[in-house]
Structure formats: C-alpha cells, structure tokens
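Below: one structure, written as structure tokens.
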Amino acid sequence: MVKWTFLLASLLLASVTAHAEDVPSQHPPQWQHSLEIYALALNIRGDSTIGNISTDIDIDPAFIMDHLDMGAMLRLEGIYQGRWGYYIDYSFMDLSGDTDAVFDTDLNLLKGDVDIRQGVLEAKGFKRYHYHFGSIDYMAGIRWWDNDIDAKLFTAGGVINKSKSLDENWVDYLVGVRWINQLNKDWRFHASLDIGLSKDTNFTSSLLTGVYYQMNQWSELNIAYKSTWVDYDNADNFAYNTASQGFLAGVIFHF
C-alpha cells in the first residue's frame with residue numbers, strides 16, 4: 001500500500017508541474033542562499049526495539065534539556081535564478097543519563113548509564129513553479145538517520161556488569177511539495193510535506209508549516225510547527241516507530 005502511495009504521489013507531482021508558470025515574477029540574481037539556525041521544542045512518542053528488548057519512548061522538551069550534552073540545528077538553502085534549488089538540513093542531539101535503581105535477574109541493585117546520539121540529515125533538490133496563489137516547490141531527496149546508543153550496567157563496586165552498544169543508520173527516499181505565499185510586505189506563509197520509504201522503512205513523512213517574518217533585508221524570523229514520523233524495522237536488531245513533533249523557532253540569514 002505504501003509503495004503505491006509513493007508511486008501515485010510521484011505521478012501527481014509530475015502531472016501538476018505541467019500546468020505551472022515556469023517564470024519568476026522578477027529577474028532574480030543567479031544564486032540566492034540562506035542559512036537558518038533554529039531550535040525545536042521536541043516531543044518524541046512511540047516505541048523502539050533493540051535486540052529482544054522493547055521499550056516505549058516518551059520524551060518531552062524538559063527531559064531533553066535536563067539530559068542534553070550537545071546539540072545543533074542548521075539549514076542551508078539555495079536557489080538558482082528563482083527556479084532550481086536545494087536545501088540541506090541537519091540536526092543532532094547528544095543525550096546522557098544515569099540511574100541507581102536497576103535490578104538484575106538476581107535482584108541485585110545496579111547502576112545504569114546510557115548515552116544516546118541521534119542525527120537526522122535531509123538533503124533535497126527542488127524545482128520552483130510560480131502561481132497566482134504563491135510558489136510551489138516540487139522536491140525529491142533523502143533523509144538519513146544516524147542513531148548511536150551506548151548502555152552500561154555497573155555493580156555496587158563500579159564493575160561493568162553488562163554493556164550494549166548500537167550504531168544504526170539508514171537512508172529514506174522522499175518526494176514532497178512546499179508552498180510559499182507572500183501574505184503582505186513583511187509576512188510569508190509556508191507549508192511543506194514529504195513522504196517516503198526505503199528497504200527497511202515501511203513509511204516516513206514530515207510536515208512543516210509556519211510563517212516567515214522579514215526583520216530586515218538580510219534576515220528573517222521563522223516560527224513554525226514540525227512533525228516527523230518514521231516506522232523502521234530491519235528485522236535484525238533494531239526497530240524504531242516514532243512521531244517527533246514540536247514548535248520551531250529560527251533565524252534565517254540571506255546572502
């Protein structure tokens with residue numbers, strides 16, 4: 001079913017572009033670039049399986065801030081003559097935590113330490129068409145997931161009882177659309193949606209919608225809401241079925 005949805009979406013994008021106006025309203029420079037630095041108040045809900053151990057995932061922004069060691073969220077975008085463009089979006093967070101309330105099978109009290117690093121890279125190319133209701137970007141690209149998990153259990157004497165490490169990464173293939181509409185002199189509305197899959201991903205999708213506010217000639221404020229879903233299962237040692245959602249605030253620099 002998902003494969004048919006993916007195919008139909010691709011055909012729909014191809015047919016719609018045939019009726020578009022492939023002419024920008026002005027004569028833009030050869031290249032226009034922008035760099036966005038943003039923050040995302042992330043909520044992650046779902047479940048994950050590592051080996052034969054399954055667990056529910058329920059992470060909110062407060063938990064992330066309490067356990068965050070390092071993080072970064074950046075987006076680079078460029079468009080050539082107002083028609084052909086690309087963007088690269090990378091976000092990662094490095095979390096760590098510990099507990100003194102872990103019991104083994106013999107009911108011995110253990111201490112647990114865990115380090116989690118998740119990085120998500122999106123890279124897409126797009127073709128922009130101009131309509132009376134705004135511009136539409138028809139996009140295709142990839143989303144690369146990189147998950148590193150290190151967990152250790154220690155005895156009361158500080159000796160490692162058990163340890164488990166996981167390094168799992170995969171690539172999803174995407175098609176999508178983005179709509180940008182100028183509301184007035186200072187405000188623009190934007191909304192984007194993509195869907196995709198891969199060998200071990202049954203389904204993935206991302207939705208981003210919000211507004212841009214023009215602060216001056218070279219910078220904008222982005223206020224948006226973002227949701228990302230993924231259902232991944234390699235049928236070997238890792239499954240990851242989650243929805244990540246939250247409000248986004250970013251500053252965009254144009255050059």
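The values are calculated or read from the model by the stated rules, or taken from the named source; none is laboratory data. On a predicted model such as this, the values are computed, not experimentally measured, just so you know. Ideal geometry is used to build each Cβ from the backbone, glycine not excepted, and the neighbour counts take in all protein chains shown. These accessible areas exclude ligands, DNA and RNA; they are computed on the full protein's heavy atoms, side chains included. Shrake-Rupley method; radii C 1.70, N 1.55, O 1.52, S 1.80 Å.
Put a dot 7 Å past the Cα of THR209, heading toward its Cβ, do the same for ASP66, and the two dots end up 3.3 nm apart. What a 1.4 Å probe finds exposed on segment 31-78 is 59% carbon and sulfur by accessible area, rounded to a whole percent.
Placing R0 at 30 angstrom, the Cβ-Cβ distance between SER54 and LYS185 gives a FRET efficiency of 0.05 after rounding to 0.05.
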